[in-house]
Amino acid sequence: MADETASGVRVRRAYDPPEAADGHRVLVDRLWPRGLSKEHAHFDEWLRTVAPSAELRRWYGHDPARFGEFAARYRAELAEAEHAEALGRLRALAVGGPLTLLTATKDLEHAHTHVLAEELKG
(Lines give C-alpha, C1' and ligand atoms only; values in the text may rest on other atoms or scores of the structure.)
Protein backbone atom coordinates (compact mmCIF):
# COMPACT_ATOMS: atom_id res chain seq x y z
CA MET A 1 0.00 0.00 0.00
CA ALA A 2 1.35 3.39 -0.97
CA ASP A 3 0.77 6.70 0.70
CA GLU A 4 0.93 9.53 -1.84
CA THR A 5 1.26 13.20 -1.11
CA ALA A 6 -0.12 16.00 -3.26
CA SER A 7 3.35 16.57 -4.72
CA GLY A 8 3.51 13.09 -6.25
CA VAL A 9 5.86 11.75 -3.59
CA ARG A 10 4.91 8.23 -2.54
CA VAL A 11 5.90 6.32 0.57
CA ARG A 12 6.14 2.54 0.34
CA ARG A 13 7.87 -0.36 2.00
CA ALA A 14 11.16 -1.55 0.49
CA TYR A 15 9.70 -5.06 0.34
CA ASP A 16 6.77 -4.01 -1.90
CA PRO A 17 7.08 -4.87 -5.58
CA PRO A 18 7.59 -1.88 -7.87
CA GLU A 19 4.59 -0.26 -9.53
CA ALA A 20 4.52 1.75 -12.76
CA ALA A 21 3.44 4.89 -10.83
CA ASP A 22 6.47 4.73 -8.51
CA GLY A 23 8.80 6.69 -10.75
CA HIS A 24 12.25 7.01 -9.16
CA ARG A 25 12.49 4.66 -6.17
CA VAL A 26 14.85 5.71 -3.36
CA LEU A 27 15.68 3.71 -0.24
CA VAL A 28 15.92 6.28 2.58
CA ASP A 29 16.86 4.01 5.51
CA ARG A 30 20.26 4.15 7.17
CA LEU A 31 20.38 0.34 7.43
CA TRP A 32 19.82 -2.21 4.69
CA PRO A 33 16.33 -3.79 4.97
CA ARG A 34 16.52 -7.03 6.92
CA GLY A 35 15.99 -10.12 4.78
CA LEU A 36 15.99 -8.25 1.45
CA SER A 37 18.54 -9.58 -0.98
CA LYS A 38 20.23 -7.26 -3.46
CA GLU A 39 18.64 -9.29 -6.28
CA HIS A 40 15.15 -8.50 -4.95
CA ALA A 41 15.84 -4.88 -4.07
CA HIS A 42 14.01 -2.81 -6.64
CA PHE A 43 15.16 0.76 -6.14
CA ASP A 44 17.19 3.24 -8.12
CA GLU A 45 19.39 4.58 -5.35
CA TRP A 46 20.08 4.43 -1.63
CA LEU A 47 20.29 7.77 0.19
CA ARG A 48 21.17 6.65 3.70
CA THR A 49 22.38 10.11 4.71
CA VAL A 50 18.81 11.46 4.67
CA ALA A 51 17.71 8.93 7.30
CA PRO A 52 17.49 9.85 10.99
CA SER A 53 20.70 9.53 12.98
CA ALA A 54 21.33 6.30 14.84
CA GLU A 55 20.87 8.14 18.14
CA LEU A 56 17.50 9.57 17.13
CA ARG A 57 16.37 6.24 15.72
CA ARG A 58 17.26 4.44 18.97
CA TRP A 59 15.54 7.11 21.09
CA TYR A 60 12.35 6.91 19.00
CA GLY A 61 12.18 3.11 18.91
CA HIS A 62 9.15 3.33 16.60
CA ASP A 63 6.95 4.31 19.55
CA PRO A 64 3.91 6.12 18.06
CA ALA A 65 3.53 8.11 21.31
CA ARG A 66 6.93 9.72 20.58
CA PHE A 67 6.23 10.47 16.92
CA GLY A 68 5.52 14.20 17.37
CA GLU A 69 8.79 14.78 19.20
CA PHE A 70 10.61 12.47 16.79
CA ALA A 71 9.30 14.46 13.80
CA ALA A 72 10.48 17.75 15.33
CA ARG A 73 13.94 16.35 16.12
CA TYR A 74 14.21 14.77 12.67
CA ARG A 75 13.30 18.06 10.96
CA ALA A 76 16.10 19.70 12.95
CA GLU A 77 18.50 17.01 11.70
CA LEU A 78 17.34 17.56 8.12
CA ALA A 79 18.53 21.17 8.38
CA GLU A 80 22.10 20.00 9.12
CA ALA A 81 24.59 19.96 6.22
CA GLU A 82 24.87 16.18 5.79
CA HIS A 83 21.12 15.71 5.69
CA ALA A 84 20.39 18.92 3.76
CA GLU A 85 22.46 17.76 0.79
CA ALA A 86 20.55 14.46 0.57
CA LEU A 87 17.23 16.28 1.05
CA GLY A 88 18.21 18.54 -1.86
CA ARG A 89 18.77 15.45 -3.98
CA LEU A 90 15.27 14.21 -3.13
CA ARG A 91 13.79 17.63 -3.95
CA ALA A 92 15.45 17.53 -7.37
CA LEU A 93 14.11 14.04 -8.01
CA ALA A 94 10.59 15.06 -6.95
CA VAL A 95 10.62 17.97 -9.42
CA GLY A 96 11.67 15.60 -12.20
CA GLY A 97 8.69 13.29 -11.84
CA PRO A 98 7.15 10.73 -9.53
CA LEU A 99 9.28 9.83 -6.52
CA THR A 100 8.83 6.90 -4.15
CA LEU A 101 10.52 6.90 -0.75
CA LEU A 102 11.22 3.37 0.45
CA THR A 103 11.66 2.14 4.00
CA ALA A 104 11.68 -1.20 5.79
CA THR A 105 9.48 0.24 8.55
CA LYS A 106 6.10 -1.46 8.90
CA ASP A 107 4.19 1.54 10.30
CA LEU A 108 4.40 4.03 7.44
CA GLU A 109 2.21 6.59 9.22
CA HIS A 110 4.76 6.90 12.06
CA ALA A 111 7.92 6.56 9.97
CA HIS A 112 10.58 9.07 9.02
CA THR A 113 9.43 8.72 5.41
CA HIS A 114 6.18 10.45 6.40
CA VAL A 115 8.19 13.44 7.67
CA LEU A 116 10.36 13.42 4.54
CA ALA A 117 7.32 13.42 2.25
CA GLU A 118 5.90 16.42 4.14
CA GLU A 119 9.22 18.25 3.80
CA LEU A 120 9.30 17.58 0.07
CA LYS A 121 5.75 18.88 -0.26
CA GLY A 122 6.72 22.24 1.25
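The values are calculated or read from the model by the stated rules, or taken from the named source; none is laboratory data. Everything numeric here is computed off the predicted structure, so don't read it as measured data. Counting neighbours? That spans all protein chains shown, and the Cβs are built from the backbone with ideal geometry, glycine included. Side chains included, ligands, DNA and RNA excluded: accessible areas come from the protein's heavy atoms. Shrake-Rupley method; radii C 1.70, N 1.55, O 1.52, S 1.80 Å.
When you look at E109, is it open to solvent by 60 Å² or more (accessible area, probe 1.4 Å), in a helix (DSSP H, G or I), closer than 21 Å to R25 by Cα and in contact with a strand residue (DSSP E or B) (Cβ under 9 Å, 6 or more places away or on another chain), yes or no?
yes
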Restricting attention to segment 7-17, the residues that are surrounded by 14 or more Cβ atoms within 10 Å (Cβ to Cβ) and either farther than 22 Å from R91 by Cβ or among the acidic types (D, E) (or both) number exactly 3
Counting only residues in segment 62-82 that are of a type in the set (G, A, S) and open to solvent by 50 Å² or more (accessible area, probe 1.4 Å), the one farthest from H114 (Cα to Cα) is identified as A81
Tell me which residues, restricted to segment 15-30, are over 14 Å from the mean Cα position of the chain (by Cα), in a helix (DSSP H, G or I) and in contact (Cβ under 8 Å) with a residue 12 or more places away in the chain.
-> A21
Within segment 27-34, is there a residue that is within 25 Å of G88 (Cα to Cα), of a type outside the set (S, T, Y), surrounded by fewer than 14 Cβ atoms within 10 Å (Cβ to Cβ) and modelled with pLDDT under 95?
-> yes
Residue pairs within 9 Å by beta carbon, gap of at least six or interchain, first lying in segment 79-98 and under 18 Å from S53 (Cα atoms), second open to solvent by 90 Å² or more (accessible area, probe 1.4 Å), listed first then second, are A86/R48
Report yes if T49 is in contact (Cβ under 8 Å) with a residue 12 or more places away in the chain and buried (at least 18 other Cβ atoms within 10 Å of the Cβ), otherwise no.
-> no
